[in-house]
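This report refers to the structure that appears directly beneath it.
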Amino acid sequence: MTDLLTPVLSANWGTERSWTLDGYRASGGYTAIEKALKLTPDEVTTLVKDAGLRGRGGAGFPTGMKWSFVPKDNPNPKYLVVNADESEPGTCKDMPLLLASPHTLVEGMIIASYAIGCHTAFVYIRGEVLHVHRRMQAAVAEAYAAGLLGKSILGSGYDLDIIVHAGAGAYICGEETALLDSLEGHRGQPRLRPPFPAVAGLYASPTVINNVESIASVPAIVGNGVAWFSSMGTEKSKGMTLYSLSGHVRRPGQFEAPLGITLRQLLDLSGGIRTGHQLKFWTPGGSSTPILTAEHLDVPLDYEGMAGVGSMLGTKALQIFDETTSVVRTTLRWVEFYKHESCGKCTPCREGNWWLVQILKRFEAGEAEEGDIEKLLDVADNIGGKSFCALADGAVACVTSAVRHFRSEFEAGYHTPAWELFPYGRSALFAVADKSGAHA
Amino acid sequence: MSGHEFQSFFPDSGEVDMSDPSTSIDETTIAELRALAARYPQPRSALLPMLHLVQSVDGRVSPAGIEICAEILGITPAQVSGVATFYTMYRRRPGGKHHVGVCTTALCAVMGGDALLDQVSHKLGIGPDETTPDGKFSLERIECNAACDFAPVMTVNWEFMDNMTPQKAEKLLDDLAADREVTSTRGATITSWREAERVLAGYSDGRADEGPSAGEASLLGKQLADENGWSAPKGEQA
Amino acid sequence: MSVIAKAGQDVAAVDTITVTIDGIEVAVPKGTLAIRAAELVGIAIPRFCDHPLLDPVGACRQCMVEVPDAGNGRGFPKPQASCTLEVANGMQIKTQHTSAIAAKAQTGMLELLLINHPLDCPICDKGGECPLQNQALSNGAGESRYQGVKRTYPKPVPISAQILLDRERCVLCARCTRFSEQISGDPLIALVERGALQQVGKYADDPYDSYFSGNVVQICPVGALTSTSYRFNSRPYDLVSTEVTCEHCAAGCTLRSDQRHGVVRRRLAAINPAVNEEWNCDKGRFAFVSGRGEDRLTTPLVRRDGELKPASWAEAIDAAVTGLKVAGDKVGVLTGGRLVVEDAYGYAKFARTVLGTNNIDFRSRPIGAGEAAFLAERVAGRTLNDAVTYADLETAGTVVLVGLEAEEEAPLVFLRLRKAVRKKGLAVKVIAARLSNGSSKLNAELISTVPGDEAAALRGLELPAGAVIVVGERAALAAGALTAAAEVADAAGARLAWIPRRAGDRGAIEAGCLPNLLPGGRTVADAAARVDVAGAWEVESLPTAEGLEAPAMLAAAVDGQLNALVVAGLEPVDFADAAAVRAGLDQVGFLVSLESRASEVTERADVVFPVALIEERSGTFWNWEHRPGAVGQVIRGTGAPMTDLRVLAALADGLGTPLGIRTTAQAAAELAELGGYQPAAPAKAAKASTRKAAAKPAAKAAGSDGEQLVKLSTWRQLIDGGRGQDGESAMAATAKPTVARISPALAERLGAADGQLVTISAAAGWYTMPVAISADMVDGTVWLPTNSAGTGLGELGVVFGDEVALSLGGEE
């Protein structure tokens, strides 16, 4: 039985100059790479596959399997692209990792690139996180200077360049094919699949796209072995991962634990819901994962557990809301986010979110009419599963799960504004005049 | 949100502001733009960083910047314009020296972000996407900035301003207005939006070592593990 | 029920798979999209963004279908967009007809497309032929559930002088932007903004001036894109449509010409997969009003007391007959390149059987030495079966262009080449003085060549098997280039194609409008061929001597060797030496003109016969491939004047030798019966061109005043000063500017900076225009447009490859 918390990725956070090469080495950094370079690339892939590492960016696809899809006989260069476009509402794990220990990612990228035969790798970091860029740029520069990047890394004969790339404000670029278009200097709109990126990705060449946390987990897996990694977690959800707690909890933060921990356990660790309040609803992994309630406190936070209760593990971004919070308001704000971030390419997402926002505003203002719930759900149904990528599905997930669990609150929207039912000021962490929450 | 306002008429969309043709892009900038294009296996990949650099020089995506990027990359200005108008970080018009962001995505909004936006807007006398007449501040209602465990969150020039309160916001704006030194909670000393854009273009400002390793919330799990003697199992490495 | 789809034109074996759509099994080639497979069994799935000639995008999501079995026993959990779904063997597809899920997905999508769509159908150009309107009617809900506010923008936005954009109507299908990027290579419009604000946009003062811009109006599935010239002009259901073949160039596009109340309102690209697929160029689409000006001829004119006076047809015919009788067989016939083949055949027969001469030439343009012989040997008498076709270009592997600027001179050839470059890895090599924008869009390799050195460039080529050499009519002006092209092609086992510029050129050759050629590729020099044709024409014999080429006829008219000229539509400025043409027309004893509009010819003529506009008659154009393209009569019963053929028949009657044909149908039948002909022996080379090299610009010594003697490179720009484009001002506004292009090195020697005025002078005159310094220009050469606003090179008396003097400065 493993411990409740198992800091691996976060083990060196907060240590002396943890973001520097020296700081990282002081906590055992850059030892896995030596081990990896002594293996064949296929052996590295097999190791990651056997460990059972699944993508930490939301979809949970087995990382090693993704690597093994890269065709060996394709004459084009192979590329690794790390998705550091962390933008899913509630998600806040990759940015602290990159701030505190960018070299963990660099080491992971070297190993992953070696495994897939890549000589140019990219980190696509969302633009709005300036200090993350500084730390990542500096880490890459240090790694070059130390012979960890560039020609013949550590005398191995293996060459790798890493390019740190800044996005410019677009949630959709977290979608891997939109990210590729963006990285090619286009509008970040998703591409048709097939062809899949593993076959024709960046520059129409074989490309692996992995989340920051996935790649950052690789050095530990290579360093400690398959058995070590799979000793943590559950049967199908192996290893440790970062859970992010935010919202109405006494102490929000990052908790690195084996997959399968429950919200009840995490709430205990974070001191519970803020004093005098009770849990009302929560997301298991960002706003795109259907909301859950107090009845789901003991469901394991792993891929299977969350699927079993009609939600998804997603990014393991647990947003916690207490009983002061209006579900209608929160849903509206999430859907406004999706409307703002819709790339515009496909009809259901572009037009559907435009419409959903207007319907939800009527609910919030207490101006909805009898039958509007059915209309809301029907419009959501016309969007869900019909759009080009999963962005709109996220918006629909908010709406349908909110109505499923809190239908009466929507019914109240037929006559009473949400800010009267749930004075907004009461949800804030500081004193706010109740009416100003609904700022006009 | 009162639930009533919903913008549906868009008189100015579709193009960058062509009314102001001014530019400060010179040979040095052009050389830097070309160097960015040369960093990538295919030059067009540099377009996003190049537009960040244009902003750092011209304070916005200027017509000249668009045309120069198009020329360097061998694409049409319409194609550059399509990219420049897609991403929210590219400005059509000059902003303030300091670009203030208030997160009002669901969680931050609920936890006080809406009130902070009201407050900041009232104090600066401008609404979102506006700039103060003295050119000191511009304001943006930002979407989730990946700092939810520090909610409610603000940003200045894309530096984190965590765990904001009305009092902290008041002081922050006062200090910036008075050119007093302000430091990000998880970042460096605040400089200016333009200098930030230059870093995003890939040109270091040498401030990576400023600021902490991590914020308090980021360290919570690690701290609890230490307190309780919890750790990951021992592996081969150990 | 089972249907076997045709495997298209490719007879090569393709992997065939079987899918079931709404219970109907169909065998289709591997890789077929579900939406196409459904079409094959007659099931129309609604769609907006899908277009068979554009890369799939899957944006509108209208074409959702249910896939209960993907061919592997498992279904897709969600409905699929059939426009991006490649079918798999054993796949089961259920469309809106058999699946409630598909039907709801489609109805829901339509509702989403309509929430922000304005209800302005009654005033929208697209109303009545609008896919969105049609589908809203057939599949949409009767009432809207949308209570919100519709998105609005200022409107319309001109994205060019010719194309207007109503953003509110746009459904963001990206057909226009994909067309501009993928098909024509002019990404001057792009999707801009994002999300609900995404829209089509251009950049500032960089308008969507593409030669193919009109296509985006046609493929727009709503009324978001409209044309300046047609906006608010007609309702589609009031229009009467006729299929025609475009009269503007030799590409041979099939068009749909729409008229109302006897006036052509618009023209569209018709579907002709073998030729223009579904596209055309802006000239073909918009330039159809030139016959509406005040210069339109409506009655015959006869010169009396030195002045042209209206006359009755009988008077005019009598006058012409009288004049021609006096001239005897000392007559020349200049037919121009704009005639349908039936009319051209009428002139060819008229010259031989009625006038008794081989003095006939369609080439109202600079002529090269040996060109007529080349045309006789390598072009005439071919059929579609043995000629190079569009499809051949597409599969050639390598295409070499010589003396042809495809985008300007044969736009649909350009589109086909570009398609092959994008889709089939075609390599294009261009032998030219500069890498034009069009060549760049073909990723062409420039074989930088000073005009005149084309033959050497050709001989330096290494061609892979299966290559095609395409020569344009200008290649004739470079010494030895045509011969070199033929020899190089033969040696390499490559194929050779000749692409003329005008719609009537190819047919004129087949009809026999050359001094060395009888119909069907028979040479005048071939006695057996003469006997053959004489027999068919029921005349005793045909003139045996080869006739004069056009410049020689005009010269002979000046010195009295010829007594009369019969001239169809042509412009002096199009010839190598406009002054020489005018001199010939002025000094010839008797001049008969058959024209539809007043021209420099009619004003000099003794008798003028007004002939029908192309829209008032039927006929056939043979395109560069030798493919016949029918021209339907668009306008009827407007008291249209006669065809050229009708006039010739009347003249023949008057001259006592009936022509034997007077209708287009008769001419077509007779020409078909005459057929092609294989000469018994290789044709002898025709006599060399009589065109003299243009006089050296001798006014100033070379080098004096910084003047540079340079070679002239030129081609006609698609939208230029041609008279067929008269009256279409919006299109004219999208024309390329008139500039002289020179290399940086020449600019330095000249001391010229970009945009400065330069003067190009030759013996007959000079032009002044801004200079454009182009890095891709070969040195020692200046490039000018042949006939753009302010430049008609015929006025200078110089042609491609001649020497001209270039100097800095001048007055515009």
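Quick notes on this one:
- In the range A:31-54, of all residues being of a type in the set (D, E, K, R) and surrounded by fewer than 17 Cβ atoms within 10 Å (Cβ to Cβ), the one that is farthest from the other protein chains (Cβ to nearest Cβ) corresponds to A:Asp42.
- Scanning the range A:73-95 turns up no residue that is under 19 Å from A:Gly285 (Cβ atoms), touching a residue at least 12 places away in the same chain (Cβ under 8 Å), assigned to a helix (DSSP H, G or I) and in contact with a Leu (Cβ under 6 Å, 6 or more places away or on another chain).
- When every residue of the range C:774-796 is checked against the conditions, none turns out to be among the acidic types (Asp, Glu), closer than 25 Å to C:Ser448 by Cα, in a strand (DSSP E or B) and modelled with pLDDT of 95 or more.
- Restricting the range A:316-366 to residues that are outside any helix (DSSP H, G or I) and of a type in the set (A, V, I, L, M), the residue that is farthest from A:Ser270 (Cα to Cα) is A:Ala365.
- In the set C:Lys155, C:Lys94, C:Lys126, only one residue is more than 30 Å from A:Pro194 (Cβ to Cβ) and surrounded by 20 or more Cβ atoms within 10 Å (Cβ to Cβ); that residue is C:Lys126.
- Of all residues making up the range C:57-98, the number that are within 21 Å of C:Arg175 (Cβ to Cβ) and either touching an Asp or Glu at 6+ places or on another chain (Cβ under 7 Å) or among the basic types (Lys, Arg) (or both): 3
- Number of the condition not met by A:Cys349 [criteria: (1) buried (at least 22 other Cβ atoms within 10 Å of the Cβ); (2) in contact (Cβ under 8 Å) with a residue 60 or more places away in the chain]: (2)
- Screening the candidates C:Gly31, C:Gly58, C:Gly75 for the property of being of a type in the set (Gly, Ala, Ser), free of Cβ contacts under 8 Å to residues at least 24 places away in the same chain, within 14 Å of chain A (Cβ to nearest Cβ) and part of a loop (DSSP other than H, G, I, E, B) yields one hit, C:Gly75.
- In the range A:233-260, residue surrounded by the most Cβ atoms within 10 Å (Cβ to Cβ) [restricted to those that are outside any strand (DSSP E or B) and at the interface with chain B (Cβ under 7 Å from one of its Cβ atoms)]: A:Pro252
- Matching helices (runs of 4 or more DSSP H) fully within the range C:360-440 where at least 2 residues are touching a residue at least 12 places away in the same chain (Cβ under 8 Å) and surrounded by fewer than 21 Cβ atoms within 10 Å (Cβ to Cβ): C:390-395, C:411-424
- Residues that are more than 20 Å from the chain's Cα centre (by Cα) and either small (Gly, Ala, Ser) or more than 8 Å from every other protein chain (Cβ to nearest Cβ) (or both) within the range B:44-59 comprise just one, B:Ser45.
- Test: residue in the range B:144-151 that is assigned to a helix (DSSP H, G or I) and away from chain A (no Cβ under 13 Å): no
This table checks each residue for (1) modelled with pLDDT of 95 or more; (2) out of contact with any Gly (no Cβ under 7 Å at 6 or more places or on another chain); (3) polar (S, T, N, Q).
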position: A:Thr330; (1), (2), (3): yes, yes, yes
position: A:His340; (1), (2), (3): yes, no, no
position: A:Cys349; (1), (2), (3): yes, yes, no
position: A:Ser401; (1), (2), (3): yes, yes, yes
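Yes/no per residue for (1) within 14 Å of chain A (Cβ to nearest Cβ); (2) assigned to a loop (DSSP other than H, G, I, E, B); (3) under 30 Å from C:Gly337 (Cβ atoms):
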{"position": "C:Glu168", "(1), (2), (3)": "yes, no, no"}
{"position": "C:Arg178", "(1), (2), (3)": "yes, no, no"}
{"position": "C:Glu181", "(1), (2), (3)": "yes, no, no"}
{"position": "C:Pro187", "(1), (2), (3)": "yes, yes, no"}
{"position": "C:Gln218", "(1), (2), (3)": "no, no, yes"}
{"position": "C:Val222", "(1), (2), (3)": "yes, yes, no"}
{"position": "C:Phe232", "(1), (2), (3)": "no, yes, no"}
{"position": "C:Ala251", "(1), (2), (3)": "no, yes, yes"}
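- For the range B:168-186, the criterion of being crowded, with 23+ Cβ neighbours inside 10 Å, part of a loop (DSSP other than H, G, I, E, B) and within 20 Å of the chain's Cα centre (by Cα) is met by at least one residue.
- Only listed residue being among the β-branched types (Val, Ile, Thr) and either modelled with pLDDT under 95 or touching a Pro at 6+ places or on another chain (Cβ under 7 Å) (or both), chosen from B:Thr105, B:Thr165: B:Thr105
- Test: B:Thr155 is out of contact with any Ser or Thr (no Cβ under 6 Å at 6 or more places or on another chain), of a type in the set (Ser, Thr, Tyr) and either closer than 13 Å to B:Lys136 by Cα or within 12 Å of another protein chain (Cβ to nearest Cβ) (or both): yes
- Test result for B:Glu15, within 30 Å of C:Pro156 (Cα to Cα) and either in contact (Cβ under 8 Å) with a residue 60 or more places away in the chain or within 10 Å of another protein chain (Cβ to nearest Cβ) (or both): yes
- Filtered by the rule that a residue be touching a residue at least 60 places away in the same chain (Cβ under 8 Å) and hydrophobic (A, V, I, L, M, F, W, C), the range C:736-784 gives C:Ala740, C:Ile742, C:Leu746, C:Ala762, C:Ala763, C:Ala764, C:Met777, C:Val778, C:Val782, C:Trp783, C:Leu784.
One line per residue, one yes/no per condition, for (1) modelled with pLDDT of 95 or more; (2) in the same structural domain as C:Arg416 (by TED's automatic domain parsing); (3) crowded, with 22+ Cβ neighbours inside 10 Å; (4) assigned to a loop (DSSP other than H, G, I, E, B):
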| position | (1), (2), (3), (4) |
| --- | --- |
| C:Val608 | yes, no, yes, no |
| C:Trp624 | yes, no, yes, yes |
| C:Thr638 | no, no, no, yes |
| C:Pro658 | yes, no, no, yes |
| C:Ala668 | yes, no, no, no |
| C:Ala681 | no, no, no, yes |
| C:Lys684 | no, no, no, yes |
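- Criterion applied to C:Ile101, C:Ile93 was being assigned to a helix (DSSP H, G or I) and at pLDDT 95 or above, and the one residue passing it is C:Ile101.
- Among residues of the range B:81-115, those that are under 30 Å from A:Trp419 (Cβ atoms) and at the interface with another protein chain (Cβ under 7 Å from one of its Cβ atoms), counted: 10
- Any hit, the range C:302-311, residues being of a type in the set (Val, Ile, Thr) and more than 24 Å from C:Ala580 (Cβ to Cβ): yes
- Number of positions in the range A:386-405 that are farther than 28 Å from A:Gly188 by Cα and either surrounded by 20 or more Cβ atoms within 10 Å (Cβ to Cβ) or within 14 Å of another protein chain (Cβ to nearest Cβ) (or both): 3
- Filtered by the rule that a residue be touching a strand residue (DSSP E or B) at 6+ places or on another chain (Cβ under 6 Å), within 14 Å of C:Met553 (Cβ to Cβ) and not aromatic (Phe, Trp, Tyr), the range C:318-356 gives C:Ala327, C:Val331, C:Gly332, C:Val333, C:Leu334, C:Ala351, C:Leu355.
- Picking from residues in the range B:2-17 that are among the small types (Gly, Ala, Ser) and modelled with pLDDT of 85 or more, the one that is nearest to A:Phe363 (Cα to Cα) is B:Ser8.
The values are calculated or read from the model by the stated rules, or taken from the named source; none is laboratory data. Remember, predicted model here, so these are calculated numbers, not experimental data. Please note: Cβ atoms are built from the backbone with ideal geometry, for glycine as well, and neighbour counts cover all protein chains shown.
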